[in-house]
């Protein structure tokens, strides 16, 4: 198991190395903008670059992938860190987790700027639809687990996944 460092390029590089060694990767997802000051002129370029590297690394990794959403999982961070589109073997939610394209507050701000929308109505909709029970009811994940059962659930999943061979991965070129 490897822990990603705060260095933006360490994430994709670590995923690549972990995949080669068939090691489990656990990652915490937060907003990419937290990594960089909002005042920096190249924030957007760096965010896109990091996101592209993470997406490539996760998409190309052939080790069994497991995702547990423990807090907020929004937008690009959700996809880059093994959301449903990257076919994790299992994707579990904690009862306090939230999942959506963006947080309710951000959606209310953006949609109010571009149209005639009620921010309170938008927040309420995102709160209701970002709920893990909403997600699980639509089979967007494999269910809601008690945080105390996380270790047991992951151990069973990993045990089951190790009964199949792990294919060799092929990665493109990472420009670090």
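Using the reciprocal of the averaged 1/r over all distinct C-alpha pairs, how large is the Kirkwood radius of the stretch 115-176 in Å? The partial results should precede the final answer.
On the way: mean 1/r = 0.0621 Å⁻¹.
Its Kirkwood hydrodynamic radius stands at 16.1 Å.
For residue 114 and residue 60 in the same chain, what is the full-extension length gain: residue separation times 0.36 nm, less their Cα-Cα distance, in nm? Can you show the working numbers first?
Working: separation 54, 0.36 × 54 = 19.44 nm, distance 3.64 nm.
The residue 114-residue 60 span can extend by a further 15.8 nm.
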Exercise for the section: Between residue 124 and residue 168, with labels modelled 7 Å along Cα→Cβ, what's the label distance in nm to one decimal, could you check? Expected result: 5.8 nm
Completion exercise
Using alpha carbon positions and the Kirkwood radius, the Rg to Rh ratio of the stretch 52-94 is 0.94
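Quick note: the coordinates plus some simple rules give every number you see, no bench work behind them. Computed from a predicted model, the values in this text were never measured in an experiment. Methodologically, a virtual Cβ is constructed for each residue, glycine included, from the backbone with ideal geometry; neighbour enumeration extends over all protein chains shown.
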